[in-house]
Amino acid sequence: MTRVVLVHGIAQQVKGAETLLADWYPALCDGLALASGPRPEPYEVAMAFYGDLFRPAGHRGLGLGVPELDASDVEEGLETDLLLGWWHAAAQQDPQVTGPEATTRLRTPYAVQRALNALSHSAFFAGLSERLMIASARQVRRYFTEPDLRARVQDRLTRTVTADTEVIVAHSLGTVVAYETLCAHPEWSDLHLITLGSPLAVPRLVFDRLLPQPAPHPRWPAPVTRWTNIADRADAVALTKTLAPAFGARVTDHLVHNGPQAHDVRPYLTARETGAAVAGALTV
């Protein structure tokens, strides 16, 4: 009986469903406690895990599940634009981060290296190596440009949702997976969608790459009766904080403060706003 389905984001390739649940479930319960909501039993919560689909079979990544990458490995286009976008967002929020200059408009390894150097000194990306930042951008690029991989990722969510599912809670790239999968399954019904740190409305990099294509208007996922979006003001991944302007007034947007790790899923889950949204789904 799976009432709550969780969908993770990027950079989880060396973990697994149970490993992630060990972090997500207590945080989810903490948010529900703040909102005085019902606490689902562990067997009622499932993780739609797809991280292993990004895990290479063999690499020289020193046991971290990430190949050795540097600025010269960053591909032109989406990978470069994501890193520069994250840099721009981090510089706006963190006075310790030197912002991009006009020269960074040149898509060169030098501009990418400057972005990586700046991000490594930001509070948002503190502790992440250059190769992990590059690998994160690469996972986003691969999801959007490799149709077979995209389908396999969405299939993991499809197989996790059951007739008992009431709410899907998705984070980061997982919000894209959730949105596209829900649009592909109009036969599902009465689901609540909660998106955390979502890049769904980021123009050009994400929004314009969605399937179904958003032009002239994005499609409302038919199974969704309520959509709550929650973003931290300093979340560099959720470059566009509110989704209602892009997806319609039926989306309820909330801004929260997660502390220095603005994109971390745990403070998102412990937020009262998240707890209230999940509680609303479970008590209907």
Which of the numbered conditions does Gly248 fail, given that it passes all the others? Conditions: (1) closer than 17 Å to Ala178 by Cβ; (2) surrounded by fewer than 20 Cβ atoms within 10 Å (Cβ to Cβ); (3) in contact with a helix residue (DSSP H, G or I) (Cβ under 8 Å, 6 or more places away or on another chain). (3)
Scanning segment 82-106 residue by residue, those among the small types (Gly, Ala, Ser) and either loosely packed, with under 10 Cβ neighbours inside 10 Å or at pLDDT below 70 (or both) turn out to be Ala102
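In segment 1-53, how many residues are part of a helix (DSSP H, G or I), surrounded by fewer than 15 Cβ atoms within 10 Å (Cβ to Cβ) and of a type in the set (Asp, Glu)?
Result for segment 1-53: 2.
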For segment 147-254, which fully contained helices (runs of 4 or more DSSP H) count at least 3 residues that are touching a Gly at 6+ places or on another chain (Cβ under 9 Å)? 173-183
Given the conditions (1) crowded, with 20+ Cβ neighbours inside 10 Å; (2) among the polar types (S, T, N, Q); (3) at pLDDT 80 or above, which single one is not true for Ser122? (3)
Restricting segment 203-232 to residues that are β-branched (Val, Ile, Thr) and crowded, with 20+ Cβ neighbours inside 10 Å, which is modelled with the lowest pLDDT? Val206
Can you name the residue in segment 211-267 that is in contact with a strand residue (DSSP E or B) (Cβ under 8 Å, 6 or more places away or on another chain) and of a type in the set (Ser, Thr, Tyr) and, of all such residues, is farthest from Ala137 (Cα to Cα)? Thr225
Assess whether Asp264 counts as being surrounded by 17 or more Cβ atoms within 10 Å (Cβ to Cβ), free of Cβ contacts under 8 Å to residues at least 12 places away in the same chain and closer than 19 Å to Ala178 by Cβ. yes
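The values are calculated or read from the model by the stated rules, or taken from the named source; none is laboratory data. Computed from a predicted structure; not experimentally measured. Cβ coordinates were reconstructed from backbone atoms using ideal geometry, including for glycine residues, and neighbour counts include every protein chain displayed.
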